[in-house]
Amino acid sequence: MSTEAAPSGPLRARERLPKATGHAGPGAETVLKVAGLTINVVRKDIKNLHLGVYPPAGRVRVAAPLVISDEAVRLAVIDKLAWIKLQRSRFEQQPRQSQREMAVGESHYVFGRRCRLRVHEAEGAPRVAMRGIASLDLFVRPGASQAQRAAVLDRWYREQLKALVAPMFTAWQAKLGVQASAWGVKRMKTKWGSCTPASRRVWLNSELAKKPIECIEYIVVHELLHLAEPNHGERFIELMNRHLPRWAATQKRLNAAPLGHEDWDA
């Protein structure tokens, strides 16, 4: 069983645990109570159990193989209670951004840099422009609501992230000897990225546009490596160490970044 501090996917603190045995119906979803914690259990066609703790409140989720019983899951969770409590404590202490109001002078991050927002009301197509390295100009129509301003900025973030990672995908696919069928950017509540080996499709979280470039590259490499190694076992770690030796330090940097204001319920 592997353990992960969420968001899930690339953000994993891995430990190999003994596999359990048992029986459960295909596609079953259950809720267990363990030591006062609510554990969401999702059944998947996988070989090992994966335990995740998710922001902002430390929701606990287990992805379990179809043949693993609830009792086996319960025992595995009990074995990792100390680790779960540690991750939940870290989330409680992690700095969080307040809800963005899209107001003048507000702080926003672009590839890890803190920028001050400047809002301009003017006729014409809404747009965003960088002013130097510390100012972000948001042009919106007169009377634009907070939600409309946020939508303009969100669209700009996606465009910037796509432009940045396009050459990364080209370079790293060649270096790793893999080829994604497609990749895209979308809002993801619990993951920085995902890869489906069967379809060879990779998704990146649009929130990465706010993170340092080295963190974005780490996610790209992590997800592409799943095309060579679907699981997070020893071979996967070996590949990460070979191609991105400082990945663990970069992972910690990404995990330590302030959590955005978000409704994380899923």
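No lab work stands behind these numbers, since they all come straight from the coordinates. Everything numeric here is computed off the predicted structure, so don't read it as measured data. Heads up, the Cβs are rebuilt from the backbone with ideal geometry, glycines too, and the neighbour counts pull from every protein chain shown.
Laid out as a table, the results:
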quantity	calculated
Point-charge dipole on Cβ atoms (K/R +1, D/E -1) for segment 170-235, about Cα centre, debye to 20	320 debye
Computed E for R155/A57 - FRET, C-beta separation, R0 25 angstrom, nearest 0.05	0.25
Cα-based Rg / Dmax (Å) for segment 146-190	13.8, 45
Rounded FRET efficiency, nearest 0.05, which uses the C-beta distance separating V119 from A166 and R0 of 30 Å	0.55
With eigenvalues of the C-alpha gyration tensor scaled by 5 and rooted, segment 107-256, Å	33, 16, 12
Eligible lysines near K175 by straight Cα distance, threshold 19 Å, same-chain separation 8 or greater	none
Charge dipole magnitude, Cβ of K and R +1, D and E -1 - segment 40-91, Cα centre, debye nearest 20	240 debye
Positive-end extreme of charge dipole, segment 42-192 - chosen from A150, H120, S107 (charges on Cβ)	S107
Cβ-placed point charges (K, R +1; D, E -1), dipole of segment 65-217 about Cα centre in debye, nearest 20	100 debye
